[in-house]
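The block underneath contains the structure these notes are about, expressed in C-alpha cells.
Please treat every number below as a calculation from the coordinates, not as lab data. Keep in mind that what you see is a predicted model, and the values were worked out from it rather than measured. Positions of Cβ are backbone-derived with ideal geometry, glycine not excepted, and every protein chain shown enters the neighbour counts.
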Amino acid sequence: MTNQPSKYREALQIQREISETLNKSTNLQEMLQLSLERLLDLMELETGWMFLTEDETSYELVSSYQLPPALENNRKELMHCYEGCTDCDCLQLYWKGYMNQAVNHVKCARLELAVDYDMGETRGLTHHASIPLTIRGKKLGLLNLASPGRRRFHKDELVLLETVAYQIGAAVERTRLHLQQTEEEVNATARYLVDAYANTEKINRRIGNILNRPELFNRIMQELHDHLPSWAHAAIITMERGRLAVQYSTDHHGPKEVFDVEQEVNLSQPDLVRRAYVHQQIMQDHEQPLHFSSLKGHEPLYSIAFPLFMPERPEETFGVILLSRSTSSCNHLEVGMLEGLANHLSMGIERIRLHEEWEALLVDKERNRLARDLHDSVNQKLFALSLTSRGLQGLIDKNERTITEAVLELQQLSKEALTDMRNLIWQLRPDHLDQGLIPSLTEYAQKIGINLSIEAPENLDMNQSCKESLWRIGQEALNNIQKHAGTSNATIIMQSGSRDFTMHVMDQGNGGAVEMQQSLGITSMKERTEELHGSFHIDSEYGRGTTITVHVPAHKKRGDSL
C-alpha cells in the first residue's frame, strides 16, 4: 500500500512530461520522435517505434529509437510498408479489430525474419508490447516498446501506456486537423488570389483600348462591380482644376457618374483620400469621415485608397481610387493585387494623355504641311497676281478711268490677300512658340497691325499644351480686334495664381461682340478653353469695347519658357 502513491505520482509525472513534450513542436514527426524518446527514458526501456496508418493496406514508420542493427540496417526491407503487406502480427491484430487496448507481448515477425535470413544483430529482442493509437474510436497507428529479455509489462504499466497512447493519438489528430485546416485556408487563399488576378487581368484587357477618360472611368467601375463584388463600394477621385473631384463611383446598384468637388487639397483634415493623394502612399482606415457628400456610403466601412500616378512622373498624381467593404482590412496579398489594378488604371490615364499628345502632334504636322503647301502654291500665285496687277497699271491709258480703278482695286485685293495668306502661314506653323507665349503674341500683333500692350508676371509656369491653347485664343482675339473693333490698340493682362491662370484680352473699340457669339472664332476660343477645363466669358457692349476673359487651372510643368 505504501508503494502505490509513489507509483501514482510517477504515472502522473510521466503523463505530464509527455504532454509537455507533445506541445514542443508543430511538426508531426518531430513531435512523435521527441515523445517516443522521452517515454522510453521515463519508463527505462531500450527501444521503441511508432507506425501511423490510414487504412489496412498502408502504414508509415514515423519515429523510432535505438532499433537493433537488424531492423535499423534493413529499414526498407523490414520496417517500411509495401502495399497490402500483412507480415506483422501486431498490425494484423490491429486492423482486424483484436487490438483495442495495450497488448502485453507480441512475438515480432520482423525480428524472426531478421534472424531467419541473418540480417544482423537483434540484441536478443523477440517480443514487444503494442499499444493502439486511437481517438474517439478512430484508428491512427501503433506504438511498440521493447527491451532485451523482457516479455511482459505490469498491468499498471499497460494502463499508463494506454493513457500516454491516447495523449499521442489526440496530438496526432489535432496536428492533422491543423494541417488540413491550414491547407484548406492556403488553398482558399490561392483560389481567391488566382481568381482576383484573373479578374484584374480581364479588367486590364477590357480597358486597354479605351482612349476617353469618362469611358475609362465608367468601364473600371463596371468591371469592379462585376468581377470584384467583395468591394461593394468604389470611387475614382481625380485632380480637376486644382481640386479633388469624385468622377465615378459604384455601390450595390452599379456604377454612376458623379462630379463632387472638394474645396481644397491640404492636410488640415487628413482623411484617407487626401493622405493617399498628397503622400503618394497606399492608405487603409476604418469608419473615417470622407470630405465628399457622394462618399458617405464608404464611411462605416473598411476602406483602402491607392494613389494614381506613373513612377516615371512622380511629380504628377492623377488622383486616387478608393475601395471599401464591410468585412475586413486588406492583407498584403490583396494589397499587392489591388495595387496592380491601380497601376492598370494609372497606365490607362497615362495612355489617354499620350494619345492626346500624339493627336496634337498630328495636328501640328498637318498644320506644317498645310503652311508649306500654301506657301509653295497659293502664296506664290498671289504674289504673281500682285506683280501682274502692278504691271498692268502701267500699260493702261490714264484716260481709261474705269479700267484703271478696276486694276487698282485688283492690286489692293491681291495685296491684302497676300498679307492675309502670309499671316495664315505664320499662324499655322507652331515654331514661333519656342520664343515664349508673350513674345509670340507681341510679334503676331505687329504683323497684323495691332499696337499691343501686355501686362504679365515675370515667371509664368505652364505646360506646352496650355501655352499652345492660350496662344491660339489670344491670336483669335487679336484677329477679331483687327477685323471688327475699329481700333488698332489692344491690351492683354495675364494673372497667375497657385492653382489657376487668367488672361484678359481688351480693346476700346466698337464692342458688340456678344452678337457674334456663334461665330467660328468665338466658338473656337470657347472650345479651347473647355479643353483646359476652364471658363470663357465675353463682356462687349456697343461703343464700350470688348473684354475676353479666359480662366483655367494651372497646368504647370517645369522647364517651359514663356
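Among the lysines of region 435-562, pairs that are 8 or more positions apart or on different chains and have alpha carbons within less than 29 Å of each other number 10. The modelled label-to-label distance for the pair Asn212/Arg313, using points 7 Å beyond Cα in the direction of Cβ, is 2.2 nm. Using only alpha carbons, region 4-180 has a radius of gyration to Kirkwood radius ratio (Rg to Rh) of 0.94. With R₀ fixed at 51 Å, the C-beta to C-beta distance from Lys138 to His286 puts the FRET efficiency at about 0.75. What is the calculated FRET efficiency for Arg152 to Asp195, with r their C-beta to C-beta distance and R₀ = 56 Å, to the nearest 0.05? The pair Arg152/Asp195 has a calculated efficiency of 0.35. Considering only alpha-carbon pairs that sit under 8 angstrom and 6 or more positions apart, the relative contact order computed for region 211-353 is 22 percent.
With each label modelled as a point 7 angstrom along the Cα→C-beta vector, the Ser535-Ser498 pair spans 2.1 nm. The number of Lys pairs in region 57-168 with C-alpha atoms less than 19 Å apart, excluding pairs fewer than 8 positions apart on the same chain, is 4. Computed from the Cβ-Cβ distance with R0 of 45 Å, the FRET efficiency linking Leu333 to Asp260 stands at 0.90. Each residue, Glu359 and Asn187, gets one label point 7 Å from its Cα in the Cβ direction; the gap between the two is 5.2 nm.
When the Cα positions of Asn23, Asn73, Val62 are compared along the charge dipole of region 1-74, Asn23 comes out farthest toward the positive end, with charges on each C-beta of Lys, Arg, Asp and Glu.
How large is the Rg to Rh ratio of region 435-562 when both quantities use alpha carbon positions and Rh follows Kirkwood? In region 435-562, Rg relative to Rh is 0.95. Counted by Cβ distance under 11 Å from Ile135, the other residues give a net charge of +4, where Lys and Arg count +1 and Asp and Glu count -1.
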